[in-house]
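Asker: This is the structure I want to talk about, given as structure tokens.
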Amino acid sequence: LAKWGLDRMAPSTELIVSELVTNAVRHATGRIRLRLIRHEVLTCEVSDASDCLPHRRQARSLDESGRGLRIVSQLSQRQGCRSTTGGGKTVWAEQELPRDAWTI
């Protein structure tokens, strides 16, 4: 992010990455891959070999899990999941780039 001049996006991006990777570690199988893509938006993608799609839960106040995808949806403009060839899935979240990011 610093290389792209997106330092101020680090806190939200780190939280999105943390939530998506944690879900993959807890619920998926096989190799986990993280990609950050800077194009018209900043996209965070986490891929794994499981075909089990994530779903948002309604966590109760004392639950220790179930808030990750809700947090991701609050920090991103769009998010979703797509199947990958050969099985598996990619969960992604997009954040809008700051206006001055286009000058880099």
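Throughout, read-outs are computed from the coordinates displayed, never taken from laboratory work. Since the model is a prediction, treat every value here as computed from it, not as a measurement. Note that we place each Cβ from the backbone using ideal geometry, even for glycine, and neighbour counts take in every protein chain shown.
Asker: I'd like the trypsin sites (Lys or Arg not before Pro) in the range 1-40 restricted to DSSP loop residues with at most 13 other Cβ atoms within 10 Å, sorted by number.
Answerer: Counting only loop positions with at most 13 other Cβ atoms within 10 Å, the trypsin sites (Lys or Arg not before Pro) in the range 1-40 are K3, R31.
Asker: So, one more: On full extension of the chain, what length is gained from D51 through A10, given 0.36 nm per residue of separation minus the C-alpha to C-alpha distance?
Answerer: Answer, rounded to one decimal: 11.8 nm.
Asker: Would you mind computing the Rg to Rh ratio of the range 10-51 from its alpha-carbon coordinates, Kirkwood style for Rh?
Answerer: Ratio of gyration radius to Kirkwood radius: 1.00.
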